[in-house]
Amino acid sequence: MNETLSPPRHPRIITVSGSHSGVGKTLLATLLIKILPGFAAIKISHADLMVFVTDDLVEIMREGKDTRALKEAGAREVILVRAGERDVSDALSIAFDLVYKSGAPGVVIEGNVAARLLKPDISFFVTDMDLAGIKQDALPILEKADVIVLNPQDTDGPPGMVSELEKALRERNPTALICPMARFVSPDEEILRLLQPGTGGCG
């Protein structure tokens, strides 16, 4: 799908994508929500043969669900989207209507498809140490990301592994800020400045 969505009104859009499932996209999204008071959140899950969009609190707060983590992090509104590739544009349009109605100044959207379809104000890409494990359809998202967030699953790797990883990432994306997930747990001045309105990403 090559269509690019252009929401009629423009709360700030922040996308969170990643190299593969389980890499830490939801963790980063919750940390961003904690830094950005009043923001809404959209969680996108792939589902063939159905379109499902809801902000129903019972559904959102189901035990163990990513949507619950986003709500408990402080999101003003959490919207769950389930759709296949063909229908996700229409589903996102419905989700944006719910964001507008909530009055949120912006929205954090978790899901790789959002980074492909939208023109976010800031795009984040989460990866671990295994670049070989990056899904092929995630590579174009990595190459356009404003911020690449390192979330290593194995912290006992050989010396120099992080430097080698950063070098490989830099070959794919020469301008992105590359930083560890920990910087969003206790955000420093650079991270806070990055997330201020009007920054439009970073280089």
* Output the number of the condition that residue 60 fails; it satisfies all remaining conditions of (1) closer than 21 Å to residue 124 by Cβ; (2) of a type in the set (Val, Ile, Thr); (3) modelled with pLDDT of 95 or more; (4) surrounded by 20 or more Cβ atoms within 10 Å (Cβ to Cβ). => (1)
* Asked: Do you know which of the residues in the stretch 63-81 that are among the β-branched types (Val, Ile, Thr) and under 14 Å from residue 94 (Cα atoms) is surrounded by the fewest Cβ atoms within 10 Å (Cβ to Cβ)?
  -> 81
* **Contacts under 8 angstrom Cβ, first residue in the stretch 84-96 being of a type in the set (Lys, Arg), partner surrounded by fewer than 22 Cβ atoms within 10 Å (Cβ to Cβ), 6 or more apart** => 86/1
* So which residues in the stretch 173-194 are exposed (fewer than 15 other Cβ atoms within 10 Å of the Cβ) and within 16 Å of residue 148 (Cβ to Cβ)? -> 174, 175, 180, 182, 190
* Scan the stretch 68-87 for residues that are under 15 Å from residue 15 (Cα atoms) and outside any strand (DSSP E or B) and jot them down. => 70, 75
* Lone unmet requirement of (1) part of a helix (DSSP H, G or I); (2) modelled with pLDDT under 95; (3) farther than 25 Å from residue 145 by Cβ for residue 49 -> (1)
* Asked: Is at least one residue of the stretch 34-41 over 15 Å from the mean Cα position of the chain (by Cα) and touching a residue at least 12 places away in the same chain (Cβ under 8 Å)?
  -> yes
* Asked: For the stretch 27-42, does any single residue satisfy the condition of being closer than 18 Å to residue 149 by Cβ, in a strand (DSSP E or B) and out of contact with any Ser or Thr (no Cβ under 7 Å at 6 or more places or on another chain)?
  -> yes
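The values are calculated or read from the model by the stated rules, or taken from the named source; none is laboratory data. Just so we're clear, the structure is a prediction, and the values are computed from it rather than from any experiment. FYI the Cβ positions are ideal-geometry reconstructions off the backbone, even for glycines, and counts take in every protein chain you see.
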